[in-house]
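Note sheet for the following structure.
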Amino acid sequence: EDMKKKWILWLMSCTLLLTLSACNLPGLLQTPPTPEPTPTPDLGMIWYQGAGMRILLPDTYAQRDAKQDLGGILNYLEQFVGGEDSPLASITDNLESNVAWWGEDTAAPAVSPTQLLIVKNEALEGVPISLIKSAVNMFLNDDTNAFRTETLTLGTREVTRFTYGKESTGWSAYVFKEQGMLWVVLFITPPANLAAQQDDFDYSVSSMVIEAPTPTPQP
């Protein structure tokens, strides 16, 4: 009788142990879930909203009122496309409504400021990029050593980048077409800054999100 009780107790103990082990098995066999990475702004950049677009820029940038600075904006654009006889002169038409973003890097010293101008133009959307290259080349043909043109893939878009640096004048202009518009993204900074900031400029252009135009309601 005692032997029988011992056997029963032993079997019960074994059953209990097996049950406990079985309960723990799923935990032992399952790998812990991989935590989702939390998105963080690259290179200390944050989103800035413009007209029909947004862009990642260093958090030291500040947007300015384009209406107050139209004279300076026009001057910067003419440094890129030329004057009234340029085939791209119409980029300065309706300038106030075609400036998508205008501002500056407030962290840059006053002696070497960095400014950003983004212009969109529907009328020039049909102009081939090759003609734009030719027009800019003709305008700057006396400064071939200071001027460079490259075709790049930045993010998902193909972009033509024009870079100019001479004496105290420097800029990087990025030209591409999207959503029925020609876009010009113009970073203006002294030549000494161009090489140091070029990667940041490229990254910002690759980050740009161009929003689909809102259809005009029919009467």
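Quick notes on this one:
- Scanning the stretch 96-107 for residues that are touching a strand residue (DSSP E or B) at 6+ places or on another chain (Cβ under 9 Å) and open to solvent by 20 Å² or more (accessible area, probe 1.4 Å) gives Asn98, Glu104, Asp105, Thr106, Ala107.
- The residue list Ile91, Ile132 contains one member that is touching a Leu at 6+ places or on another chain (Cβ under 7 Å), under 23 Å from Lys166 (Cα atoms), outside any loop (DSSP other than H, G, I, E, B) and open to solvent by less than 20 Å² (accessible area, probe 1.4 Å), which is Ile132.
- Note on the stretch 90-143: residues that are more than 17 Å from Ala51 (Cβ to Cβ) and either touching a Ser or Thr at 6+ places or on another chain (Cβ under 6 Å) or of a type outside the set (S, T, N, Q) (or both) total 24.
- Check on Gln63, within 21 Å of Arg148 (Cβ to Cβ), surrounded by 12 or more Cβ atoms within 10 Å (Cβ to Cβ) and within 24 Å of the chain's Cα centre (by Cα): no
- Of all residue pairs spaced 6 or more apart or on separate chains, those with beta-carbon atoms under 9 Å, a first member in the stretch 57-76 that is touching a residue at least 12 places away in the same chain (Cβ under 8 Å) and among the small types (Gly, Ala, Ser) and a second member that is open to solvent by less than 50 Å² (accessible area, probe 1.4 Å) and assigned to a helix (DSSP H, G or I) are Ala66/Ile73; Ala66/Leu95.
- Segments classed as strands (runs of 3 or more DSSP E), wholly inside the stretch 145-187, with at least 3 members that are open to solvent by less than 20 Å² (accessible area, probe 1.4 Å): 157-166, 169-178
- Residue in the stretch 84-91 that is small (Gly, Ala, Ser) and either within 18 Å of Met208 (Cα to Cα) or touching a residue at least 40 places away in the same chain (Cβ under 8 Å) (or both) present: yes
The values are calculated or read from the model by the stated rules, or taken from the named source; none is laboratory data. Every value quoted in this text rests on a predicted model; they were computed, and no experiment measured them. Every residue, glycine as well, gets a Cβ built from its backbone with ideal geometry; the counts of neighbours run over all protein chains shown. What goes into the accessible areas is simple: the full protein's heavy atoms, side chains included, and nothing from ligands, DNA or RNA. Shrake-Rupley method; radii C 1.70, N 1.55, O 1.52, S 1.80 Å.
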